[in-house]
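The structure appears below as structure tokens.
The values are calculated or read from the model by the stated rules, or taken from the named source; none is laboratory data. Just so it is clear, the model here is predicted, and its values are computed rather than measured. Heads up, the Cβs are rebuilt from the backbone with ideal geometry, glycines too, and the neighbour counts pull from every protein chain shown. SASA here: full protein model, heavy atoms, side chains in, ligands and nucleic acids out. Shrake-Rupley method; radii C 1.70, N 1.55, O 1.52, S 1.80 Å.
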Amino acid sequence: MNEILDSGNRTEFSTGSVRDCKRGAGRRDLLPMTALIELSKHCENGALKYGEHNVDKGIPQHSFCDSAMRHLVKYMRGDTDENHIRAAAWNIMWALEQSVTRPELIDLW
């Protein structure tokens, strides 16, 4: 396919250039880069421990939520035995990912 998709929405920049700007596609440039790097480190550690793409096999939502809450409470309590805020964020990110891509794994209600 050689066609460039077009949403019909245009943004003109101060330079005079124009670009298609599709609303609803997300603004990845606004994501917190340091947090993404930290999450990628957690992914690397998990891949070493459990194997690459282990999480992609599917984990029930209750497990992500339980782990996220446990790590968040430990972080709030001041525990420093591991990076609990990073682990909590990782679990929330995967809960969000699978809530969209694997809704059959939602077992919370």
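Residues of the stretch 10-30 that are at positive phi and surrounded by 10 or more Cβ atoms within 10 Å (Cβ to Cβ): none at all. In the stretch 47-57, which residues are open to solvent by 40 Å² or more (accessible area, probe 1.4 Å) and in a loop (DSSP other than H, G, I, E, B)? Within the stretch 47-57, E52, H53, N54 meet the criteria. Name the residue that is farthest from the chain's Cα centre (by Cα), counting only residues in the stretch 1-46 that are of a type in the set (V, I, T) and either closer than 30 Å to I85 by Cα or in a loop (DSSP other than H, G, I, E, B) (or both). Ranking the candidates gives T15 first.
Quick check on S7: is it at pLDDT below 95, open to solvent by 100 Å² or more (accessible area, probe 1.4 Å) and small (G, A, S)? When the stated conditions are applied, S7 does not pass them. On the basis of being modelled with pLDDT of 95 or more, among the aliphatic types (A, V, I, L, M) and out of contact with any His (no Cβ under 7 Å at 6 or more places or on another chain), does A25 make the cut? It is false that A25 is modelled with pLDDT of 95 or more, among the aliphatic types (A, V, I, L, M) and out of contact with any His (no Cβ under 7 Å at 6 or more places or on another chain). For the stretch 58-109, taking the residues that are part of a helix (DSSP H, G or I) and acidic (D, E), the one that is surrounded by the fewest Cβ atoms within 10 Å (Cβ to Cβ) is identified as E104. Of all the residues in the stretch 56-97, those that are polar (S, T, N, Q) and over 23 Å from T34 (Cα atoms) number 2.
Can you confirm whether E38 is out of contact with any Lys or Arg (no Cβ under 6 Å at 6 or more places or on another chain), surrounded by 10 or more Cβ atoms within 10 Å (Cβ to Cβ) and not β-branched (V, I, T)? No: the conditions fail for E38. Is it the case that the stretch 18-30 has a residue that's over 27 Å from D107 (Cα atoms) and among the β-branched types (V, I, T)? Among the residues of the stretch 18-30, at least one is over 27 Å from D107 (Cα atoms) and among the β-branched types (V, I, T), which makes the answer yes.
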